[in-house]
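To start, the structure under review is shown below, and the notes come after it.
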Amino acid sequence: MRGKQRKRQKFKRTTISLPYDLWETLRIESIKRNISMGELIAKKLKELEKLKEKTTIMQVDEEGLLKPLE
């Protein structure tokens, strides 16, 4: 893997509590993708972050003009 070495990112260990059905869904996906649960959850959170950046919620100001929601 010389030319295409994956950049290893530092991870910080943490504990979270999930509803069983969500844990089970994530566990199955992590097994199918052959990655750890932590890596899968990190990827899902990054996808959510990118989606939030792309999605701008607008509001109407006092003058009736649209502006980003603060």
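The values are calculated or read from the model by the stated rules, or taken from the named source; none is laboratory data. These numbers come from a predicted model, not from an experiment. We place every Cβ from the backbone using ideal geometry, glycine too, and count neighbours over all the protein chains shown. SASA here: full protein model, heavy atoms, side chains in, ligands and nucleic acids out. Shrake-Rupley method; radii C 1.70, N 1.55, O 1.52, S 1.80 Å.
From the list 68, 19, pick out the single residue that is of a type outside the set (D, E, K, R) and at pLDDT 80 or above.
19
Looking at (1) in contact with a helix residue (DSSP H, G or I) (Cβ under 8 Å, 6 or more places away or on another chain); (2) at pLDDT below 90, can you tell me which one residue 39 breaks?
Among (1) in contact with a helix residue (DSSP H, G or I) (Cβ under 8 Å, 6 or more places away or on another chain); (2) at pLDDT below 90, the lone unmet condition for residue 39 is (2).
Return the pair list, or none, for Cβ contacts closer than 7 Å from residues in the range 34-55 that are more than 28 Å from residue 67 (Cβ to Cβ) to residues that are surrounded by fewer than 11 Cβ atoms within 10 Å (Cβ to Cβ) and acidic (Asp, Glu), at least 6 apart or on different chains.
Listed pairs, sorted by first residue: none to list.
Residue 16 - would you say it is over 13 Å from the mean Cα position of the chain (by Cα) and open to solvent by 100 Å² or more (accessible area, probe 1.4 Å)?
no
Being open to solvent by less than 100 Å² (accessible area, probe 1.4 Å) and assigned to a loop (DSSP other than H, G, I, E, B) is the filter here, so list the residues in the range 41-70 that pass it.
Residues satisfying the conditions are 55, 56, 61, 64, 65, 69.
Test residue 38 against the criterion of being part of a loop (DSSP other than H, G, I, E, B) and open to solvent by less than 100 Å² (accessible area, probe 1.4 Å), and give yes or no.
No, not satisfied.
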